[in-house]
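The values are calculated or read from the model by the stated rules, or taken from the named source; none is laboratory data. Worth saying up front: this structure is predicted, and the values here are computed from it rather than measured. We place every Cβ from the backbone using ideal geometry, glycine too, and count neighbours over all the protein chains shown.
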2 protein chains.
Amino acid sequence: MENTIRFYFDFSSPYAYFAAHEIEALAARVNRPVAWMPFLLGAAFKHTNMRAGTDLGYRYDYMKRDWYRLARRAALPFRLPQTFPFAAIAPARATMWAEKTHGPDRAKTLALALFDAAFGDGRQIDQAAETAAVAGAAGFDADAVTAGIADPGIKAALKTQVEEGIADGVFGSPMLLVDGEPFWGYDRLPMAEEWARSDGW
Amino acid sequence: MENTIRFYFDFSSPYAYFAAHEIEALAARVNRPVAWMPFLLGAAFKHTNMRAGTDLGYRYDYMKRDWYRLARRAALPFRLPQTFPFAAIAPARATMWAEKTHGPDRAKTLALALFDAAFGDGRQIDQAAETAAVAGAAGFDADAVTAGIADPGIKAALKTQVEEGIADGVFGSPMLLVDGEPFWGYDRLPMAEEWARSDGW
């Protein structure tokens with residue numbers, strides 16, 4: 001739909017985990033649909049000189065502190081996976097596959113289950129097997145998910161989605177596009193909502 | 001005072017310009033004083049692998065777009081100086097000097113005048129002469145400001161303030177410390193206010 005909010009996220013992003021738990025309620029308040037768009041930050045970082053949190057010296061101490069306090073504020077569990085940041089390709093492809101085969105609502109259920117596994121439980125979803133296990137617990141056929149992650153068509157679709165995101169200026173996670181207007185960061189959700197409600201300012 | 005909010009900022013930061021226009025009202029709402037703390041981002045960037053906006057590829061396009069829309073939202077004028085980012089040493093020292101010689105209230109008046117010159121009018125405040133001219137228009141003795149910028153005691157005080165900020169985890173601009181709890185970014189002012197109001201969460 002024309003007024004769809006595009007919600008870009010990388011599964012390795014704790015800020016996207018928080019946003020994933022709020023985006024549908026936000027969109028409902030402004031009466032718009034949301035398209036959940038798995039993204040790969042690493043591809044954007046190459047163009048923007050950005051680095052993963054763990055490469056940011058004492059700024060990473062701030063980020064960790066921030067995640068735990070945001071979790072308390074949102075009343076969500078929070079636990080970092082042992083390997084962090086991690087490659088988000090398997091969960092991103094699984095979500096693309098779920099959308100193609102089961103539709104957007106089931107894909108959102110899967111994406112949220114994957115985020116909860118990664119940052120609620122600290123599980124290692126960068127492995128296809130773990131992603132498939134999470135999907136299985138969420139009601140999907142785990143073998144089909146594993147096949148979907150390896151499907152050339154799904155691989156190509158994710159690659160295209162990441163490239164188109166970069167062309168549209170996506171560089172962070174979460175990042176919202178509201179009528180093409182970009183909002184970067186979990187802390188920008190209120191401004192994005194304000195924008196959607198008022199047709200800009 | 002013990003419950004003082006520490007407001008760290010680099011004069012070359014548009015986000016700090018927006019925050020400077022809101023911080024006193026925020027602090028008044030939570031009944032706390034604010035200490036305005038000039039800071040030099042470049043010194044922190046060395047420790048955190050961070051880069052100036054202009055080094056961030058297409059992310060810089062987002063930042064520029066963001067500054068202009070935030071200015072519209074805050075009903076503030078916005079204009080980037082021709083040289084940007086710029087060295088914030090002269091305005092930072094001038095503000096430190098004003099605080100030492102005229103007290104914190106007059107120093108805040110000067111800091112706000114400098115921010116307005118840089119980002120409201122797009123003037124080049126990285127030069128001591130321009131900083132002194134802005135201070136002169138704000139009611140200070142321009143020659144005394146020029147001398148203050150060159151004063152070894154002021155130079156040392158700024159250096160110490162930056163080093164202590166880094167030791168306390170300051171890496172961005174604006175950055176607030178509320179009872180030691182750090183909040184980075186103009187978009188975090190609402191959360192900082194919430195924290196100050198509720199003694200954390």
| field | In segment A:99-149, the residues that are β-branched (Val, Ile, Thr) and over 16 Å from the mean Cα position of the chain (by Cα) | value | A:Thr101, A:Val145, A:Thr146, A:Ile149
| field | Residue match in segment B:102-110 (condition: assigned to a helix (DSSP H, G or I), over 29 Å from B:Glu2 (Cα atoms) and not basic (Lys, Arg)) | value | no
| query | Is one or more of the residues making up segment B:144-160 among the basic types (Lys, Arg) and within 14 Å of another protein chain (Cβ to nearest Cβ)? | reply | no
| query | Has segment A:73-90 got any residue that is of a type outside the set (Phe, Trp, Tyr), within 30 Å of B:Asp168 (Cα to Cα), assigned to a helix (DSSP H, G or I) and within 14 Å of another protein chain (Cβ to nearest Cβ)? | reply | yes
| Here are some conditions: (1) over 19 Å from B:Met175 (Cβ atoms); (2) more than 7 Å from chain B (Cβ to nearest Cβ). A:Thr48 meets all but one. Which one does it not meet? | (2)
| Top-ranked residue in segment A:150-171 [being over 29 Å from B:Arg65 (Cα atoms) and without any contact (Cβ under 8 Å) to a residue 60 or more places away in the chain; ranked as nearest to the chain's Cα centre (by Cα)] | A:Ala156
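Residue-wise test of (1) under 25 Å from B:Phe140 (Cα atoms); (2) within 16 Å of the chain's Cα centre (by Cα); (3) surrounded by fewer than 23 Cβ atoms within 10 Å (Cβ to Cβ).
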residue	(1), (2), (3)
B:Phe7	yes, yes, no
B:Leu41	no, yes, no
B:Met50	no, no, yes
B:Tyr62	no, no, yes
B:Pro85	no, yes, yes
B:Ala92	yes, yes, no
| query | Within the group B:Phe171, B:Phe140, which residue is among the aromatic types (Phe, Trp, Tyr), in contact with a His (Cβ under 8 Å, 6 or more places away or on another chain) and at pLDDT 95 or above? | reply | B:Phe140
| task | Output the residue which, of all residues in segment A:162-201 that are farther than 18 Å from A:Thr4 by Cβ and β-branched (Val, Ile, Thr), is nearest to the other protein chains (Cβ to nearest Cβ). | result | A:Ile166
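For (1) more than 14 Å from B:Ala16 (Cβ to Cβ); (2) in contact with a Gly (Cβ under 8 Å, 6 or more places away or on another chain); (3) not charged (D, E, K, R), each residue gets a yes or a no:
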{"position": "B:Pro38", "(1), (2), (3)": "no, no, yes"}
{"position": "B:Lys46", "(1), (2), (3)": "yes, no, no"}
{"position": "B:Ala71", "(1), (2), (3)": "no, no, yes"}
{"position": "B:Ala75", "(1), (2), (3)": "yes, no, yes"}
{"position": "B:Gln82", "(1), (2), (3)": "yes, yes, yes"}
| How many residues does segment A:50-73 contain that are of a type outside the set (A, V, I, L, M) and touching a Ser or Thr at 6+ places or on another chain (Cβ under 8 Å)? | 4
| note | Turns out the helices (runs of 4 or more DSSP H) fully within segment A:1-59 with at least 1 residues that are at pLDDT below 90 and among the hydrophobic types (A, V, I, L, M, F, W, C) are A:41-48
| request: Please enumerate the residues belonging to segment A:1-44 that are free of Cβ contacts under 8 Å to residues at least 60 places away in the same chain and within 27 Å of B:Met50 (Cα to Cα). | output: A:Gly42
